[in-house]
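To keep things clear, I will list the structure first and then write my remarks on it.
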Amino acid sequence: MRIMIANLFYTLSLILPLAFFPKSSEIFEFNKIILVYIFTVLITSAWIINIILSKKIIFRRTILDIPLLLFLGSQIISTILSIDQRTSLLGYYSRFNGGLLSSICYAVLYWAFVSNIGKKQSLKAIRYILISASLVAVFGILEHFGGSISCVIVSGKFNDDCWVQDVKTRVFASLGQPNWLAAFLASLAPLTWYFSLQEKLTKKRIIWITLTILLFACVIFTKSRSGLLGLGIAYIIFWIFNFKKNLKVFIIISSLLFFAIALFGTPFTPSLIELAEKKSTNQSTNQINNSSEGGTESGEIRKIVWKGAINIWKAYPLFGTGVETFGYSYWQFRPIEHNNTSEWDYLYNKAHNEYLNFLANSGAVGLGTYMILIGTIIFILRKNKSLLSGFVSILVTNFFGFSVVNISLLTFLFPAFAIAIRSNQKNKFTKTKNLSGEQKISIAVAGFLAGISLFLISRYWYADFLYQKSNQDYQSGLYEDSVKNIQDAINLSPNEAIFHNQMAKILTGITLALNEKDSTDAAKLVPYAINESDIALALSPRNMNIRESRMNILSQLYPFNSQYLDLEIQLAKDTILLSPTDPKIELILGKALANSGRIQESIEAINKALELKHDYKEAQKALEVVENIKTK
């Protein structure tokens, strides 16, 4: 069974970074977290069966056990006290990683690895990850030159037209976002340096050096400042301790890296091509540093979001608002200066700083246990400079962002690798000829539980597939298919608030379209739309997307029932208490009050929206309309 466990870890290491599926609601992270769930079940089941066959407990005690249990304990308490327990359990829908269930999976995978994998298998697992990383890097480099493998899968064409994003400028390969790709490759680069030093044969050393350049070039093409910073710090840590071991290799790798920097440029430096074109230093720097045309600099936005995260912690100091609930709680503590940025109406479901994210979501206890966990991992890695360098790179990139599935898995596997590599464990494989009746029953029970778990995971995945298909059908005008698919998704996952919200929006759209032909038939659908909206809000009352969607639905359907207008007004007032600096809600309230004939109150609400955001053009237009009504 240990051979099977090792093979499962190899397979997970190889396919996870490459995994994506274009027909799910979130193409990359959702499918990666599903794979983590599946492999956790398979590996755990194989581990349990091995224990049954061996007739002894197979569990290796390590220094990380207590910190890991403390961390999981903080996450469990935070989930129990959460403002949205389902989100805390499974993660924010569209992000998925970081929920309690994912943390439990990573912890179980760590324990399974150190308890069942020896030095030889650990080094092999690392090589599988590096193989996957090399394929991901090739994927990203091809994107930079206009050919996306994902577009071949999505549209059958080897170009980059299938993406709205400018993938040539900032590649993301199979990771889904440039910063996530850079963080992943930067954390693994020190391992290629390590193997470059270890190889004695020139041909093999050339392969590892080539892989080093491949990963670095792809990181450059992401134009991720945090990724390059993390890689730079990893470079310093690794070579301070290793450059004397083989000065020649150090010089070769360093020269190639600096050549790549000079050739392609970075977010901090111009390229040789730019210099050759005689662009001024100021002009090139401005072009490189601006993350979006005419937009607020990302660093300035991060400072505002971080301020909001600290405000959340002050209100919920011990255990936060709940694991992964930042997307709900931030609105209540969102600094008013956020309205002066180019992303004033964006929904921030992460603090864009892993540590502040834990502070807001899990409070001082959550962050404290997380820091103890990190400190213990650093202690474990202190003698393995390649793994330590890669782990420090993760800490750096997480300071400016947040962990995604691949990074979270590496966070727990790096210490597992270090412990297994230092292990004297021979991994003798148990051969059992005759099984007792108790063993057979125990194995059957383990297999049954694994089957149930895999069934529930597949049902969760398929519900999302139907949800996305319903979206596509609705946009294509296939209303009957759209309703059927979202209803099937609800049947599979009845507690998913966004599914009910989607059904409400679809029924509202059909009602409005049908009303132009037959108002009687249209009116019959209205109660169903409202009922689905009621369920969505009840399931996730702090979800601002659902609240805004409900207000929009009530606004569209109030001609069928005037009471809906009163419900919209009350919901808007309640939402303002949960999102006091959002001008959109004040505008929604103002329009609803105008529709109900309460003109003076409407003017006051719209003026409040303009106080929150002075250049809010939609509010300015609405105010003119309402004032004209008042004058007449």
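One residue alone among Ile394, Ile377 is in the same structural domain as Ala420 (by TED's automatic domain parsing), within 20 Å of the chain's Cα centre (by Cα), of a type in the set (A, V, I, L, M) and buried (at least 20 other Cβ atoms within 10 Å of the Cβ), and that residue is Ile394.
Based on this model, can you work out whether Ile213 counts as aliphatic (A, V, I, L, M), more than 21 Å from Ile153 (Cα to Cα), without any contact (Cβ under 8 Å) to a residue 12 or more places away in the chain and assigned to a helix (DSSP H, G or I)? Criteria not met by Ile213. More than 30 Å from Phe465 (Cα to Cα), without any contact (Cβ under 8 Å) to a residue 60 or more places away in the chain and surrounded by fewer than 18 Cβ atoms within 10 Å (Cβ to Cβ): is that true of Thr520 in this structure? Answer is yes for this residue. Here Glu601, Glu586 are screened, and the one residue that is over 39 Å from the mean Cα position of the chain (by Cα) and at pLDDT 95 or above is Glu601. A residue that is of a type outside the set (S, T, N, Q), in a loop (DSSP other than H, G, I, E, B) and not assigned by TED's automatic domain parsing to the domain that holds Tyr316 occurs nowhere in the range 31-44.
Does Arg225 qualify as being within 19 Å of the chain's Cα centre (by Cα) and closer than 14 Å to Ala137 by Cα?
no
So which residues in the range 184-210 are over 16 Å from Leu256 (Cβ atoms) and in contact (Cβ under 8 Å) with a residue 40 or more places away in the chain? Within the range 184-210, Phe184, Ala186, Ser187, Leu188, Leu191, Tyr194 meet the criteria. Highlighted here are the helices (runs of 4 or more DSSP H) found entirely within the range 233-331 that include at least 3 residues which are closer than 30 Å to Asn545 by Cα, at pLDDT 90 or above and not basic (Lys, Arg): 298-315.
Filtered by the rule that a residue be in a helix (DSSP H, G or I) and polar (S, T, N, Q), the range 359-398 gives Asn361, Ser362, Thr369, Thr376, Ser386, Ser389, Ser393, Thr397, Asn398. Taking the range 99-151 as the range and being hydroxyl-bearing (Ser, Thr, Tyr) and closer than 22 Å to Asp65 by Cα as the test, the residues that pass are Ser102, Ser103, Tyr106, Tyr110, Ser115, Ser122. Which is assigned by TED's automatic domain parsing to the domain that holds Tyr235, at pLDDT 90 or above and on the phi > 0 side of the Ramachandran plot, of Ala189, Ala173, Ala183, Ala137? After ruling out the rest, the residue left standing is Ala173.
The values are calculated or read from the model by the stated rules, or taken from the named source; none is laboratory data. Note that the structure is a prediction, hence the values are computed from the model and not measured. Using ideal geometry, Cβ is built from the backbone for each residue, glycine included, and neighbour counts are taken over all protein chains shown.
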